[in-house]
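The values are calculated or read from the model by the stated rules, or taken from the named source; none is laboratory data. Note that the coordinates shown come from a computational prediction; the quantities given were computed from them, not determined experimentally. Don't worry about glycine lacking a Cβ; one is built from the backbone with ideal geometry, like all the others, and counts go over all protein chains shown. SASA here: full protein model, heavy atoms, side chains in, ligands and nucleic acids out. Shrake-Rupley method; radii C 1.70, N 1.55, O 1.52, S 1.80 Å.
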Amino acid sequence: REIFHPKGFSDKDIVALSGAHTVGKCHGDRSGFDGKWTENHLKFDNSYFTEMLSKEYADETTAAGCPQKKHAASGTIMLISDLALLEAPFREHVELYAKDQEAFFKDFVTVWVKLQENGCTGLRDTL
């Protein structure tokens with residue numbers, strides 16, 4: 001909130017942007033965190049939210065000394081900042097996106113454009 005609210009992003013926007021974690025993974029040699037957030041980390045969908053709600057994660061410390069959470073069976077991870085989205089006022093948006101992928105897609109597109117254009121002036125409405 002300290003980072004995003006002053007830039008005009010709402011709590012819903014923060015959750016939608018966090019859904020980008022559905023693709024990719026953390027690289028220990030770059031960030032100190034290690035692992036993928038979702039089981040199919042090359043597919044953009046709402047699995048970041050469905051997995052966050054359905055799995056239990058245990059504390060783990062990476063080789064670089066970074067604290068993260070890991071699901072034992074799948075090996076997927078969540079960062080402390082990811083699991084903070086399960087608290088109010090963010091949780092209602094996590095639950096919505098977990099059950100309604102189209103709502104996530106719609107909100108993600110809107111906030112992604114907002115992020116890309118943040119601080120830019122004189123932009124055209126169409127290309």
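Annotations
- Taking 0.36 nm per residue of separation and subtracting the Cα-Cα distance, full extension of the segment from K106 to F4 would add 34.8 nm.
- With protein chains left intact and a 1.4 Å probe, residues in the chain average 61 Å² of accessible area per residue.
- 222 nm mean residue ellipticity, helices alone, for the chain (DSSP H n ≥ 4; -39,500 (n - 2.57); rounded to 500): -11000 deg cm²/dmol
- The gain in end-to-end length when the K43 to L115 segment is fully stretched comes to 23.8 nm, 0.36 nm per residue minus the alpha carbon separation.
- Summed over all non-identical Cα pairs, the Kirkwood treatment of the range 1-63 gives a radius of 13.2 Å.
- Pairs of Cα atoms nearer than 8 Å and 6+ residues apart set the relative contact order; for the chain it is 24 percent.
- A cut-off of 5 Å between modelled amide H atoms, ignoring neighbours fewer than 5 places along the same chain, links T76 with H71.
- Label-point separation, E60 to D29 (7 Å along Cα→Cβ), nm: 1.9 nm
- Computed accessible area, Y57, all protein chains, 1.4 angstrom probe, square angstrom: 40 Å²
- Ratio of Rg to Rh for the chain: 1.00 [Cα atoms; Kirkwood radius as inverse mean 1/r over pairs].
- When the trypsin sites (Lys or Arg not before Pro) in the range 26-127 are filtered for DSSP coil states and for at most 16 other beta-carbon atoms within 10 Å of their beta-carbon, the remaining sites are K43, K55, R124.
- Rounded percent of accessible protein surface that carbon and sulfur make up, the chain, 1.4 Å probe: 53 percent
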